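Taking it in order: structure first as structure tokens, then the write-up.
The values are calculated or read from the model by the stated rules, or taken from the named source; none is laboratory data. Because the structure is predicted, anything quoted here is derived from the model rather than measured. Counting neighbours? That spans all protein chains shown, and the Cβs are built from the backbone with ideal geometry, glycine included. Just the protein is used for accessible areas: all its heavy atoms, side chains included, with ligands, DNA and RNA removed. Shrake-Rupley method; radii C 1.70, N 1.55, O 1.52, S 1.80 Å.
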Amino acid sequence: MRVLVSTWPAHGHLLPLLPLIRAAQQAGHDVVVASGAEGVTEARRRGLTTWDIGPSRTESDAAFRSRVPDLGAVPPERRMATVIGGMFGAAAFERAASLVPRAEEWKPDLVVHPITELAGAVAAARTGARHAVHGLGPLPAEAWDWFGARLGDLSSQWEVPDLPVTILDIPYLDNCPPALQADAVRAFRNRRPLRPTSGEVLPGERLPWNVDELPYDRSLHLTLGTLFFGATDVFQTALAGLRDLPVNVLVTAGPGSDPDRFGPQPSNVRIADFAPHALLLPQCAGLVTQGGASTIVAALCHGLPHLILPQGADQFANSATAVEAGVALVVPPADLSVETVAHTATELLEDTALTRRARVVQAEINGMPAAEDVLQTLLDTPR
């Protein structure tokens with residue numbers, strides 16, 4: 001069978017889809033990943049067949065900034081809807097113009113896309129393919145109100161006017177463990193649990209550091225993910241708060257970015273642009289991150305607690321969810337300082353209840369259905 005996976009062009013949106021993609025390949029199905037430039041580059045690096053259906057993440061970001069030059073002027077209660085509608089929603093119209101004709105020609109049997117990618121939903125409706133929406137971990141219960149807000153206009157443009165209603169009854173692959181959030185993206189009525197992973201290790205892939213050479217027994221992973229890594233001031237503050245603690249600090253500065261921008265560091269700090277979580281997280285005692293949904297779930301796949309420094313998008317909601325689940329501590333932007341990071345990171349390492357709770361969630365993840373089983377249920381569903 002033919003499986004089309006359409007996704008927003010970012011590591012954090014593609015990587016959660018990999019278990020299902022690999023399950024489809026191992027079952028002998030033809031798989032195509034459709035994305036913008038950054039997603040295509042990462043998918044090709046992993047040996048996947050791709051369609052470049054643009055716009056790129058960089059182009060989408062630039063277009064949004066031209067339309068909304070001062071996000072701070074938007075009322076706080078409207079910022080999330082403004083960002084998602086103005087970036088993800090707007091890009092879906094351009095992406096659909098490229099994706100839908102190719103999908104109609106290729107005739108996929110199954111279309112899978114995360115909730116952030118509306119063009120994939122239109123491609124499924126236009127081709128009559130089986131259709132599944134893929135979760136991205138702990139997202140606000142009302143997230144579909146934001147991500148699906150432009151689907152009505154997009155569906156009308158492509159003459160599939162029933163899609164905004166019917167999509168809520170197609171399978172929603174929920175890769176958020178219930179112990180973390182039982183109602184992630186609540187709108188979907190046909191929810192199917194799917195075991196998440198922390199990613200995969202490619203042949204020959206290794207960590208960029210030799211952890212045996214590090215001075216301390218415990219390590220923390222510091223990252224601002226694949227979208228917010230340009231916040232150098234936040235990175236510098238967090239790094240200054242961590243590097244004098246008796247712990248190794250393993251930093252990923254962002255895909256393709258310059259690790260040297262942080263200047264000389266002590267022997268307990270190692271910085272690279274990227275490292276696969278599947279190799280890195282087993283070496284760590286905890287994480288200090290921006291609180292992206294996929295990163296939180298990746299940490300819990302290894303039973304690791306979090307110190308979250310939320311910056312924007314869904315990260316404030318994600319951090320509140322993780323705190324409520326007992327697996328994280330949070331330093332909001334207004335409280336961010338070298339001293340606060342140092343104090344809270346110390347608490348993260350010393351509060352054993354956080355790690356115990358994270359391991360409870362890890363056990364729940366291990367009991368969720370595997371990708372190959374979920375894939376088979378999708379392919380067994382009548383069109």
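Some observations on this one:
- With distances taken between every two different alpha-carbon atoms, the range 19-73 has a Kirkwood hydrodynamic radius of 13.0 Å.
- Shape category assigned to the range 227-291 from the gyration tensor of Cα positions, a/c cut at 1.5: rounded
- Proximity of backbone amide H atoms, modeled 1.01 Å from N, is registered between residue 31 and 3 at under 5 Å, excluding neighbours fewer than 5 places apart on the same chain.
- Of the residues 331, 201, the one with the largest accessible area comes first in the ranking 201, 331, computed with a 1.4 Å probe on protein heavy atoms.
- The candidates 88, 235, arranged from most to least accessible area with a 1.4 Å probe in the full protein assembly, appear as 88, 235.
- Size of charge dipole - the chain - debye, nearest 20, with Cβ of Lys, Arg +1 and Asp, Glu -1, no other charges: 600
- For the chain, the ratio of Cα radius of gyration to the globular rule of thumb 2.2 N^0.38 Å stands at 0.96.
- J(HN,Hα) series, the range 261-268, from Karplus relation 6.51 cos²θ - 1.76 cosθ + 1.60, nearest Hz, glycine and proline x: 5, 8, x, x, 10, x, 5, 8
- Calculated Rg and Dmax of the range 1-152 using C-alpha coordinates, Å: 15.3, 51
- Here the simple spin-label model places points 7 Å from the Cα toward Cβ, and for residue 44 and residue 337 these points are separated by 4.8 nm.
- Close amide H partners of residue 131, meaning residues 5 or more places away or on another chain with modelled amide H under 5 Å apart, are 111.
- Note that the chain presents 40 Å² accessible area per residue, ligands and nucleic acids not counted, probe 1.4 Å.
- Span from the the range 74-148 Cα centroid across to the the range 327-354 one, whole angstrom: 35
- Within the accessible area of the chain (1.4 Å probe), percent carbon and sulfur: 50
- The convex hull drawn around the Cα atoms of the range 316-383, when projected onto a plane and averaged over every direction, covers 7.1 nm².
- Extension gain, residue 1-residue 366: 0.36 nm per intervening residue step, less the Cα-Cα distance, totals 128.6 nm.
- For residue 363, net neighbour charge (Lys/Arg +1, Asp/Glu -1) across residues whose Cβ lies under 15 Å away: +3
- Gyration tensor verdict on the range 200-315 (Cα atoms; rounded if a/c is under 1.5, prolate if a/b is larger than b/c, oblate otherwise): rounded
- Between residue 202 and residue 156, the simple spin-label model (points 7 angstrom out along Cα→Cβ) gives 4.3 nm.
- A full extension of the chain between residue 30 and residue 59 corresponds to an added length of 7.5 nm, given 0.36 nm per residue minus the alpha carbon distance.
- Normalised by 2.2 N^0.38 Å, where N counts its residues, the alpha-carbon radius of gyration of the range 255-301 equals 1.28.
- In this rough spin-label picture, where each label sits 7 Å from Cα along the Cβ direction, the residue 377-residue 66 distance is 4.4 nm.
- Unit Cα scatterers, Debye sum, the range 110-250: log10 I(q)/I(0) for q = 0.10, 0.20 Å⁻¹: -0.54, -1.15
- An ellipsoid equivalent to the range 268-383, defined through the eigenvalues of its Cα gyration tensor, has semi-axes of 29, 16, 15 Å when rounded to whole angstrom and sorted largest first.
- By the helix-only formula, in which each DSSP H run with n ≥ 4 contributes -39500 (n - 2.57) and the sum is divided by residues, the chain has a 222 nm mean residue ellipticity of -11500 deg cm²/dmol.
- Under the convention that each Lys and Arg Cβ holds +1 and each Asp and Glu Cβ holds -1, the size of the dipole of the range 175-227 around its Cα centre is about 600 debye.
- Among 184, 144, 167 - extreme Cα towards positive end, dipole of the chain, charges at beta-carbon: 167
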